[in-house]
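Engineer: Got a structure for you, questions after.
Derivation of every value follows stated rules applied to the coordinates shown; laboratory data play no part. Just so it is clear, the structure is predicted and the values come from calculations on it, not from any experiment. Please note: Cβ atoms are built from the backbone with ideal geometry, for glycine as well, and neighbour counts cover all protein chains shown.
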């Protein structure tokens, strides 16, 4: 059962800022990948803007929507599934949640996602977060030989 995460929506809530930094983004992605590692769940986090790029960190795929809104990309990706009901969209955006349900997927809130994958509430920056060299971690998973097929 894949999870589609509304990246811009979740990162703002998780990091407590409307304008998250690149450091916030790296820590956010590391936290999600860390939480997924203990399960067989797969997730794709969709971000607005940047290039139309995609990368993978273990069970986590990161997609950037380019000039298209990430919400539209999420809905289009749901349509590619033979069984859209297998997809769960994670967002606090009621409009996106409604569109996802209309497309046949499920939708849950960020709090529900955090409670399914971890110790209840998500970690606040600097609190109980393990010390991780994110750049080293990204280099490791950026190497093709360290990725799952």
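Engineer: How do 77, 144, 86 rank when sorted from fewest to most other Cβ atoms within 10 Å of their own Cβ?
Structural biologist: Going from least to most buried by this count: 144, 86, 77.
Engineer: Just grab the label-to-label distance for residue 19 and residue 116, each label 7 Å out from Cα along the Cβ direction, in nm (one decimal).
Structural biologist: The two pseudo-label positions are separated by 3.3 nm.
Engineer: For residue 54 and residue 144, calculate 0.36 nm times their separation in residues minus their Cα-Cα distance, and state this gained length in nm to one decimal.
Structural biologist: 31.0 nm
Engineer: If each residue's Cβ is checked for other Cβ atoms within 10 Å, how do 94, 82 rank with the fewest at the top?
Structural biologist: Ordered by Cβ neighbours within 10 Å, fewest first: 82, 94.
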